[in-house]
Amino acid sequence: MTNLSIIGGGSWGTALAVTLAHRFSKVRLWVYEADLAQRMSRLRENDLYLPGFELPANVHVTTRLDKALESADVVLGAAPSHHVRRLYSEMLPHLHPSMLLVSAAKGLEEGTLLRMSQVMREVIGTRFKPNVAVLSGPTFAREVARGEPAAVVVASTDPDIARKIQSALSGPTLRLYTNPDVAGVELGGALKNVVAIGAGVCHGLGLGNNTMAALITRGLAEMTRLSTAMGARAATLAGLAGLGDLVLTCTGELSRNRTVGMKLARGHHLEEVIASSHMVAEGVRTTYAAVELAARHSVEMPITQQMFEMLRHGKSPRDAIRGLMERSLKSE
């Protein structure tokens, strides 16, 4: 495989272009903003989302989906989850059955509550049966772009597709593990963002390590409950795409979702927190979707419910933590 197409020029898409460029002859990076694309082509840097990292010479930036997808062997989707359906609908005329389509978005679709691979299959399946895989795990874009060692999971219901992606993307600083549990990998990557908002709340309130350890552990428990109710394997949630990503997002200073919770705990309103950053924090939308999924599958998710009350109904962060501690006592 010689040609890679990356759809989405945010921090994650740009970091993937930087770290994967040496694995392919040509990398095309699709960027939505025309002015940003022009600057990236001229300066060889994404000064908006990932400043300080030079784009390799074989990375070509474009705002045209047809050009981005031309002769692509692997198409790596790195756009925010709420854009996925629209983007793949626009990409559809330029996609081919031979392409390997990899979703690197971490979220659930509002309204339908579908995972990203399900959205992709629904859209592309109107023309042909797509070769779909998902990529997830504990990664911050800046650290990946710096070449710091990282490990992620590629999941597909077709083991041959997973192995091909593993071989194509693995390198000295990025190690891929295969997994057949697509639902578990996607749900782990999405649901951990909800718990990360809670971690930011704890940090913003000045709470310490005891609280954080409890939040991560109980957060993993409810992530696992919902995921297994939806057909995932518990073992997947104990791996890189579950626990690994959860620990990173709850403790790392680069976490957008943790930052949202931290700012809310310090008295900022949600609207101003969202408006203050050009980066997308997937956890806010995922919280709303997770509450609906929990009700649909009759799964108890107290941390998610308290984050929902805080985000949707304005419950104070301190009262949200108190609500968790004062629940009726039960066995682990």
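The values are calculated or read from the model by the stated rules, or taken from the named source; none is laboratory data. Predicted model, so just to flag it, every value in this text is computed and none were measured. For neighbour counting, all protein chains shown are included, and Cβ atoms are generated from backbone atoms with ideal geometry for every residue, glycine included.
Within region 63-86, is even one residue more than 22 Å from T173 (Cβ to Cβ), in contact with a helix residue (DSSP H, G or I) (Cβ under 8 Å, 6 or more places away or on another chain) and exposed (fewer than 15 other Cβ atoms within 10 Å of the Cβ)? Yes. Of the residues in region 309-316, at least one is crowded, with 21+ Cβ neighbours inside 10 Å and not assigned by TED's automatic domain parsing to the domain that holds E110. Considering only residues in region 42-53 that are within 14 Å of L16 (Cα to Cα) and in contact with a Leu (Cβ under 9 Å, 6 or more places away or on another chain), the one that is surrounded by the most Cβ atoms within 10 Å (Cβ to Cβ) turns out to be N46. Every test in (1) in contact with a helix residue (DSSP H, G or I) (Cβ under 7 Å, 6 or more places away or on another chain); (2) modelled with pLDDT of 95 or more; (3) more than 26 Å from N179 (Cβ to Cβ) is passed by A294 save one, and that test is (3). The strands (runs of 3 or more DSSP E) found wholly in region 109-182 and carrying at least 2 residues that are of a type in the set (A, V, I, L, M), closer than 18 Å to H83 by Cβ and outside the structural domain of R285 (by TED's automatic domain parsing) occupy 131-136. Just one residue in the set L187, L246 is within 22 Å of A162 (Cα to Cα), in a helix (DSSP H, G or I) and within 15 Å of the chain's Cα centre (by Cα); that residue is L187.
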